[in-house]
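Structure record follows, encoded as C-alpha cells.
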Amino acid sequence: MSSEGSGRSARSGRLVFPASTSAPSADASGSIRIGRYALHGILAAGGMATVHLARLIGEAGFSRTVAVKRLHPNFAQEQEFVAMLLDEARLVARIRHPNVVPMLDVVREPSELFLVMEYVHGESWSRLIAASLKRGREVPVPICAAIAIDVLNGLHAAHEARNERGEPLGIVHRDVSPQNAIVGVDGVTRVLDFGVAKASGRLQSTQNDELKGKLAYMSPQQIMGEPVDRRADVWSAAVCLWESLAGARLFKAEVQATVAVKVLNDAVEPPSKYRPEIPKALDDVLMKGLAREPDERYATARDMAIAIEEACPPATARAVGEWVSELAAEALGSRATRIEEIESAVEPNPSLGKLLAAVPLDTPSSRSVVTSPEVAASSETSSSATAARLGLARDEAPPPAASKSRSSVIVAAALVSVALVAAALIVSRRAPNGATAAAPPAPPLPSASVTAAPTAVTSAAAPLQSAAPPAAAPAPSAPTVAKHAPSKPAPTPAKTTAKPAAPAPNCSPNFVIEGGIKKIKPECL
C-alpha cells in the first residue's frame, strides 16, 4: 500500500484523512473528557496522532466545537514527538491569517498531549479533487485558482511570522500538499499541519538523513537535503495547483525512490496539454513556480498568488463554498448531524448555577423607574381604591401589573403632567391678565392620573429644584388652577378667540438673564 493510503510512519507525523465510510475507532461513539474538552469522533488519523471532533465546555455555559489533535499515548512519553507537537503549536500560534487554521490551546496530561484547533466545516483539497474526478468532472479552473491563491496567501503569512521579540521565525512548511489544505463550505481554504515545519528556535530539529514531508510534493532541494527556504513551499503549492488543473498526478510511481528521481529529472508539461481551456498565462505561472532552480521561481508565495489572480480571475468564495457543499454533501451532512448531536447534549454546568445565583432577581422594586416613597404609597392607594370600586375585598383584588407595565404607566403619567404644566405656563404668558380668571376651570383629570402623576413629577423634579437657588424658579400657574377646580366638571363653554393684548413697552425681549437664569419681566406677563 502506498504511503498516502496507509498514512505516514510515526517519525513523519503526516496525517491522512480516512474515507468517510470507514468504521469509527473504539472511542468514536463515546465521549472522552480531557480537562474542559470532550473528545468525540475521529476526523483524521495518522501514525503519530489522531484529530478528534471535540467540544470545549467553558465557564457559565460557554461551549464551542473544536478539533483536537491527540498525540498517541505511546508517543506522548517520547521527547522527540512531544517536542514536534509543541513546536507545531508554538509556530501556528504566531501565524494570524484567515488562510491558516488557528491554534487555540495546548493540553498536557500526565500521559498525553493535545493540540486544540479551530474546527473547519469542509473537506480536504485532495478529497475534493478525487470526488470531482470520480464523478467524471474536472475541477473548474476558476475554483482551482481560488484555492491555490488561498493556500499561497496562508503560506506567505507563515513565512512572514515573527516571534514575541519581532524577529523572523523563518517558517517553511515543508509538507504542503492537497491533504494539508482544507476547503471550507464558507469558500475559504486554510493551510494546516505545520508538524514538520522548519523554523528557527524549534525544540526538535530534523536529522541530516531524514526527509520530512511527501516526496511527490517536495522541492528538488528538499529531496537532495540542501537548505530550503520559502521557495520550497512555492514549488509544492505549484505542484498542488498543477494536479488540481490536470486531474492527474505530476510525479507518480509505485516506489518512493522512483518518485524522487522523477522530481529531480522529469520534464514538466503545462497543464493545458490535458485541458486546452486553461489560459496560457496560467500555464506560464505554473511553469515558473515549478522551476527546478529556486532563483527562477517566484521569490514569495504572495508573488505567485498575485500572478495567478492576473492570469485567471478566481472564483468567488460563494462559488467555492457551493462547489464544496455539492461534492462533499454526504460526508459533510454526516458530520453536521454528529455536531448537532454533540451540541444538543447539554451537560450540567455547576458554574452557571453559581453565576445565576449571584445575579439579583429582576424584581419589581429593582426595575421601578420612580423609587420615591410617595409614589409607592400613591400607587398602592390607587390600586386599593380601584379594587374597592369594583366591589372586591383586598385579598380578592387582582394582582398588580408587571413592574415593567407599572413603570411605563407612571412614566407616561409623569410625561402628561409635565406637558400640562408646560402648556399652562405658555398660556399664562401669552394670554391677557384677566384671561385666566375669565376662563372656566378645567375638568379634573382621572383619579389614577391625579394620584400618580403630580407625585411623580414632584419626585423627579426635586433634585433639580434643590440644586438651583430657591428664588430662581418661577412658581407654575398650572397647579393653582388645578387646586381651585370644582369637584364636578363644568360645561364646556363656547370657544372664543381673545384678541392678543398689545405688547407692553420694554417687552422685547420679555425676559432678562439674572445669575445665568432666564426670568420673565413682570410687566410682560
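Only the coordinates and a few stated rules stand behind these numbers; no lab work does. Since the structure is predicted, the reported quantities are computational estimates derived from the model, not experimental observations. Backbone-built Cβ (ideal geometry, glycine too); neighbour counts: all protein chains shown.
Dipole magnitude for the range 3-344: about 260 debye, using +1 per Lys or Arg Cβ and -1 per Asp or Glu Cβ, origin at the Cα centre. Considering only alpha-carbon pairs that sit under 8 angstrom and 6 or more positions apart, the relative contact order computed for the range 87-185 is 32 percent. Each part gets one Cα centre, and for the range 259-293 versus the range 68-129 those centres are 33 Å apart. The length gained on full extension between R137 and A419, counted as 0.36 nm times the residue separation minus their Cα-Cα distance, comes to 94.1 nm. A simple spin-label model places pseudo-atoms 7 Å from Cα toward Cβ; at D303 and R94 they are separated by 2.3 nm.
Which translational diffusion coefficient, to the nearest whole µm²/s, is obtained for the range 201-314 from the Stokes-Einstein equation, given a Kirkwood hydrodynamic radius over C-alpha pairs, 37 °C and 0.692 mPa s?
After rounding, the answer is 221 µm²/s.
Modelled label-to-label distance, A319 and D266, 7 Å Cα→beta-carbon offset: nm? Each label point is offset 7 Å from its Cα along the Cβ direction, giving 3.0 nm. Pairs of Cα atoms nearer than 8 Å and 6+ residues apart set the relative contact order; for the range 3-344 it is 16 percent. How much of the pair distance distribution for the range 54-195 lies past 20 Å, counting alpha-carbon pairs only, in percent? Summing the P(r) of the range 54-195 above 20 Å gives 54 percent of all pairs. Sorted from greatest to least, the principal axis extents spanned by the alpha carbons of the range 3-344 come out as 56, 44, 41 Å. Taking a quarter of the surface of the Cα convex hull of the range 276-338 gives a mean projected area of 6.6 nm². Potential lengthening of the chain between A336 and A248 amounts to 28.6 nm, from the contour at 0.36 nm per residue minus the alpha-carbon distance.
Here, P(r) means the percent of Cα pairs in each 10 Å bin from 0 to the largest distance; for the range 67-127 it is 21, 47, 29, 4.
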